[in-house]
Amino acid sequence: MGMDFHSAANRLTYTRRSAGDDWARVMRGLVSPNNARVADVGCGGGVYCAAWLELGAAEVTGVDFSAVMLSAAREHCGRRPGPSFRQGEAYATGLPDSSADIVFQRALIHHLDDLGACFREARRVLAPGGRLVVQDRTVDDVLQPGSAEHVRGYFFEKFPFLVDVERRRRPSGAEVEAAMRAAGFGDVRSVPLAELRREYAGVNEVRDDVLARTGRSILHELSDDQLAELADHLTDRLRSVAGIREVDYWTVWVASG
């Protein structure tokens, strides 16, 4: 069924967290955020717009195709100076040529049909010497075994058909790199990122998070009844675990414009 990013019911699904130190450390190792102009394309609830400002960016512009998400992003970022927001598509952001030093795309490309168009638009927006940073999951990232650290792995244990959903929507690392090079980017490379998602006191908090489908578009592929079954499955797997520290596994690609 897929997630409706324009539904008011999903307005806050991507605002209920903050970027962690592990993410910040990897970003600082890949790019120089201090005084940079950052375009966060597919910004969702604005969590990473705020994070780039905390890393020292001079300007951050969040772009999203959903007016609902942009409203949540403005609310999330509050009165802090720096971030601005505009409605636009990954293929047509509406940003001026050469207006960003960093284009950041997190959890975006697996929703797209045309990587080339997305990356060509990023290259247009980047100033000379700018960097494209893409953070997303490959199938290998997604299919790490389930554990108290990688709760997502239990989703596929319970409902194997979700593996097919992920295989259809997630490009391989080689496909991402080839599309970047075809769009004119050079010095393309990738690094793994294990990013803290959330710390839970116990399994009941995990259940609540999953039942709310918080920040997980894959859970919109499940009916409400299936979601309840998944919550019970997680309870069985994590019943004896206290202090659950959930991590998401990502790949981060960086390329020079």
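Filtering GLU157, GLU177 for residues that are charged (D, E, K, R) and in contact with a helix residue (DSSP H, G or I) (Cβ under 8 Å, 6 or more places away or on another chain) leaves a single hit, GLU157. Among the residues making up the range 20-68, those that are in a loop (DSSP other than H, G, I, E, B), modelled with pLDDT under 95 and either touching a Phe, Trp or Tyr at 6+ places or on another chain (Cβ under 6 Å) or farther than 24 Å from PHE119 by Cα (or both) are GLY20, GLY44, GLY45, SER66.
Selection of the range 108-132 for residues being buried (at least 20 other Cβ atoms within 10 Å of the Cβ) and in contact with a strand residue (DSSP E or B) (Cβ under 6 Å, 6 or more places away or on another chain) yields ILE109, ALA122, VAL125, LEU126, GLY130, ARG131, LEU132. Is it the case, given these coordinates, that LEU12 is outside any helix (DSSP H, G or I) and at pLDDT below 95? Yes. Among residues that are surrounded by fewer than 18 Cβ atoms within 10 Å (Cβ to Cβ) and either under 22 Å from VAL31 (Cβ atoms) or at pLDDT 95 or above (or both), ASP101 is not included.
Tell me, yes or no, whether the range 240-254 has at least one residue that is acidic (Asp, Glu), out of contact with any Lys or Arg (no Cβ under 6 Å at 6 or more places or on another chain) and under 20 Å from ALA19 (Cβ atoms). Checked the range 240-254: no residue is acidic (Asp, Glu), out of contact with any Lys or Arg (no Cβ under 6 Å at 6 or more places or on another chain) and under 20 Å from ALA19 (Cβ atoms). Among the residues of the range 158-182, the ones that are in a helix (DSSP H, G or I) and either among the aromatic types (Phe, Trp, Tyr) or in contact with a Lys or Arg (Cβ under 7 Å, 6 or more places away or on another chain) (or both) come to 1 in all.
The values are calculated or read from the model by the stated rules, or taken from the named source; none is laboratory data. What you are looking at is a predicted structure, and each value in this text was computed from that prediction instead of being measured. Cβ: placed from backbone, ideal geometry, glycine included. Neighbour counts: every protein chain shown.
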